[in-house]
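Worksheet: the structure to be examined is printed underneath.
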Amino acid sequence: MRTADLITAAVLIAGAGLVIFDSVRVGIGWGTDGPNSGFFPFWLGVIMIAACLLIAIQAWRRSTNTPFVQPAQLRSVLKVLWPATAAVVLMQFVGLYVASALYMGFYMRWVGRHRWVTVAAIGIGVPIATFFVFETWFLVPMPKGPLETWLGY
Amino acid sequence: MGLENLALGFHHAVTPFNLFVAVVGITLGTIIGVLPGLGGANGVAILLPLTFTMPPTSAIILLTSLYWGALFGGAITSILFNIPGEPWSVATTFDGYPLARQGQSGQALTAAFTSSFVGAFFSIVLITFFAPILAEIALKFGPPEFFAIQLLTFSSFVGLGGGNPLKSLVSILIGFILAAVGLDIVTGQLRMTFGFTDLMKGFDFIVAVIGLFGVGEILLSVEEGLAFHGATTGMNLRVVLDTWKILPRYWRTFVRGSFIGFWMGFKPGGATPASFMSYAFAKRFSRHPERFGKGELEGVVAPETAAHAAGVAAMLPMITLGIPGSPTAAVMLGGLIIWGLQPGPLLFKEKPDFVWGLIASMYTGNILGVIMVLAGVPFFAAILRVPFAILTPLIVVVCAIGAYAVHSSMIDIWYMLIFGVVGYVFKKLDYPLAPLVLALVLGDLAENALRQSLIMSQGSLAIFFTRPIAGAITAVAIFFFALPVITPWWRRLRGLPAAAPAPRET
């Protein structure tokens, strides 16, 4: 936890540094009609650095360093995260419906070890239901791919 | 003056379509409240895109009904599964789960829903009378007063939010900074885009809510390796009626819980402390304090009454001042802007049919809600028996759809994933997420109020102290900001032991 706290504080300080840098570029003082664009973000950045330094000092003084995450826990988190990331990449090529069908099917089979019948029913049924709710009922378009084009949508 | 307006509101809220919308909202809301990883705030965020084509009154009724449903849903998981769906349901588990283990789950659930209803109803009545008065006062507010109120909102997260006050402060700053990214509307300048065209649009808070609360929460719950060991529901009409016969005995607890809830609730982050405070008071004044924690019905009544009174009271500053008291109210405020309404006190003058329709729908929504959850408990509890490996990818997909629908842009789904990881890390490191979201929503408003105030005063910060109303509010805000520094010093002075850290509102 201590290490994670220190790393987070360092990342936030770096981010605040970027904010201050860009604010100075656009101007932090008084413009022709009031404060410049950089005025508000500049002071936010300054307070942020101060607060993060104090957090880092607090963390540094703490003697215990319990691990941020157990290896087993991290594995189950990554099991959700990397297929989700892969699905988002896939979405750009095959659209949201096909990608989510593959993602749900993969997760249910690989993590849940559900029967193929369940996997197929939910993996295909849910995207089809979503398709009708969003595309035809509420007219909110989702990313579509070759399959939808082939079907005429 | 309030009553004919309320009648007008009922005229708008009680149409077949709006009642249908309320029923749909409550059903979805309860499901969302029951599911791990989906709570009121991101449920409302995910459904927001579906309301773009609706008339504003129906749209807000859908979203508020969803919120009531989510509030009710939290009680179901707390009592049957010992899993508090929301932080303000934690106190409900203390006596609710033991009751369920003793086979009294029907009684506990009936008590919880009835208490929620009573607390909510109390707050709605107060809102009906106070909202127009508060809006009338707020009409006289200028930019310095609005900035002072914003300051007060955020100071109460730092001073009263529990947890590490520095981390609350950092969360607020991150929210404000993210809100500032992109085009500055006042000067037309681009800031903090570093040459990336994707950053020009800035960060949408809806995407942030879905990522931080939705995806982040899912990651946390898979890490904990969720397993549901549920008690059976045991609900039927007999149990409901029998419990209703006992409940009037606890009228003192109801009254106390309602007042605590309303008082704590209209300030941000009030629902969780209100529920704990109400529980503590009920225990202290009880003739059998030793029964608390082992399955005392009063221990369910007290926190549920207060939490719902607070949850409803959070709507008061949202309607009257345009400043939300909770992340869910913040998302609704974002909805108002998208539907083309200007949140703030003028809404009472310009759109009375909308405001009073909303207030009237709070009555109908809560009455419908309590009936629906009482009847539907077995159905809602069955949702948690769906295997986790099916629920998890389903929730992730629902989140992705919600994030994409806001602007029809792929980059938002990526932001959602990133916010999800950030939410997971922040939650583990005790950085609160609610102030971040609120700051992201209010960022532009706060910055504009600050700039206009400074223009009025030629750049002097004294304007926040010299105007009487702004000065008083700023003084309270500064007191709250200083509270984490003052409290330990004061305790040492009085020779008291250091306080245990308070539980954190998400």
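The values are calculated or read from the model by the stated rules, or taken from the named source; none is laboratory data. Remember, it's a predicted structure, so these values are computed and weren't measured experimentally. Here the Cβ is made from the backbone with ideal geometry for all residues, glycine too, and neighbour counts use every protein chain on show.
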Please state which of the following conditions B:Gly443 fails to meet, knowing it meets all the rest: (1) within 14 Å of chain A (Cβ to nearest Cβ); (2) over 21 Å from the mean Cα position of the chain (by Cα). (2)
Name the residue that is nearest to A:Pro141 (Cα to Cα), counting only residues in the range A:77-87 that are surrounded by fewer than 20 Cβ atoms within 10 Å (Cβ to Cβ) and facing chain B (nearest Cβ under 7 Å). A:Thr85
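Considering every residue within the range A:54-73, establish whether at least one is in a helix (DSSP H, G or I), under 17 Å from the mean Cα position of the chain (by Cα) and at the interface with another protein chain (Cβ under 10 Å from one of its Cβ atoms).
No: the range A:54-73 contains no residue that is in a helix (DSSP H, G or I), under 17 Å from the mean Cα position of the chain (by Cα) and at the interface with another protein chain (Cβ under 10 Å from one of its Cβ atoms).
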Qualifying positions in the range A:88-99 - among the aromatic types (Phe, Trp, Tyr) and more than 10 Å from chain B (Cβ to nearest Cβ): A:Phe93
Against the conditions (1) away from chain A (no Cβ under 13 Å); (2) outside any helix (DSSP H, G or I); (3) modelled with pLDDT of 85 or more, where does B:Gly471 fall short? Just the number, please. (2)
Helices (runs of 4 or more DSSP H) within the range B:386-460 that include 3 or more residues touching a Pro at 6+ places or on another chain (Cβ under 8 Å) and over 30 Å from A:Ala59 (Cα atoms): B:388-407, B:434-456
Just give me the residues in the range A:100-137 being at the interface with chain B (Cβ under 9 Å from one of its Cβ atoms), surrounded by fewer than 17 Cβ atoms within 10 Å (Cβ to Cβ) and within 27 Å of the chain's Cα centre (by Cα), in sequence order. A:Phe106, A:Trp110, A:Arg113, A:Val133
Inside the range B:236-307, counting only helices (runs of 4 or more DSSP H) that do not spill past its ends, which hold 3 or more residues that are among the small types (Gly, Ala, Ser) and touching a helix residue (DSSP H, G or I) at 6+ places or on another chain (Cβ under 7 Å)? B:251-265, B:271-285
Kindly establish whether B:Gly311 is surrounded by 21 or more Cβ atoms within 10 Å (Cβ to Cβ), under 13 Å from the mean Cα position of the chain (by Cα) and assigned to a loop (DSSP other than H, G, I, E, B). no
